[in-house]
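Down below is the structure, laid out as structure tokens.
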Amino acid sequence: MIDQTVQLMYQTMLNSPVACAHIIGNSEIHHLTGDVYVYPFLDGSLIVADVEGIPFSGFYGFHIHQHGPCTPGNGYVGFHDVGGHYSAVPEQPHPFHSGDLPVLMAYYGHAFMVVYSDRFKPEEIFGRAMIIHEWPDDYRSQPAGNSGQHIGCGTFYPCCNVNLL
């Protein structure tokens with residue numbers, strides 16, 4: 001079964017992603033940068049993240065928030081006006097929001113992740129913010145997993161002929 005899944009993922013990533021977000025760091029971590037690509041996959045989305053300049057090896061909260069744009073505040077550690085976690089279902093508790101994703105694991109400042117979510121389709125996240133938090137999500141605290149400040153942010157937009165392979 002794993003062979004079939006990997007083959008299907010590879011075939012999916014031969015096409016251009018539908019939603020893209022370029023990640024930038026906040027005013028304190030200006031060297032953080034990366035990209036997130038979202039492909040239609042099965043009944044949801046295949047999310048591919050590649051980020052560098054993360055401050056420490058470890059785990060970081062990784063969520064899609066309600067809206068962009070990603071505008072860092074002056075002297076503010078984080079990005080304001082992105083709202084809470086994106087959720088297509090009103091009153092859904094954390095960690096069942098549409099935008100709740102597994103933690104991002106960084107190693108020597110670099111993180112790469114491929115994850116499947118059946119909670120949204122790529123076109124549903126246009127204009128929403130992809131946030132990297134300073135701490136890992138604990139998957140129980142309400143409303144956002146106690147994952148701390150926003151250290152990275154990117155706003156999803158329709159991709160134009162981007163191909164990773």
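When the residues of region 43-81 are filtered to those that are touching a Ser or Thr at 6+ places or on another chain (Cβ under 9 Å) and among the aliphatic types (A, V, I, L, M), the one that is nearest to Y108 (Cα to Cα) is V51.
When D118, D137 are checked against the criterion of being among the charged types (D, E, K, R) and under 15 Å from G84 (Cβ atoms), a single residue qualifies: D137. Annotation: Y39 fulfils all but one of (1) in a strand (DSSP E or B); (2) of a type in the set (S, T, Y); (3) surrounded by fewer than 19 Cβ atoms within 10 Å (Cβ to Cβ); the unmet one is (3). Here the condition is being within 24 Å of N146 (Cβ to Cβ), in contact with an Asp or Glu (Cβ under 7 Å, 6 or more places away or on another chain) and either surrounded by 14 or more Cβ atoms within 10 Å (Cβ to Cβ) or at pLDDT 95 or above (or both); of G34, G44, G58, it holds for G34 alone. Against the conditions (1) in contact with a helix residue (DSSP H, G or I) (Cβ under 8 Å, 6 or more places away or on another chain); (2) closer than 16 Å to H22 by Cα; (3) among the hydroxyl-bearing types (S, T, Y), T155 satisfies every one except (1). The criterion of at least 1 residues that are of a type outside the set (A, V, I, L, M, F, W, C) and buried (at least 17 other Cβ atoms within 10 Å of the Cβ) is met, among strands (runs of 3 or more DSSP E) falling completely within region 65-165, by 110-117, 129-133, 150-155. Filtered by the rule that a residue be free of Cβ contacts under 8 Å to residues at least 60 places away in the same chain and more than 21 Å from V48 (Cβ to Cβ), region 114-151 gives D138, Y139, R140, S141, Q142, P143, N146. Of the listed requirements (1) part of a loop (DSSP other than H, G, I, E, B); (2) acidic (D, E); (3) surrounded by fewer than 15 Cβ atoms within 10 Å (Cβ to Cβ), D3 misses just one: (1).
The values are calculated or read from the model by the stated rules, or taken from the named source; none is laboratory data. Because the structure is a prediction, the values reported are computed rather than measured. Here Cβ is always computed from backbone atoms with ideal geometry, including for glycine, and neighbour counts include all displayed protein chains.
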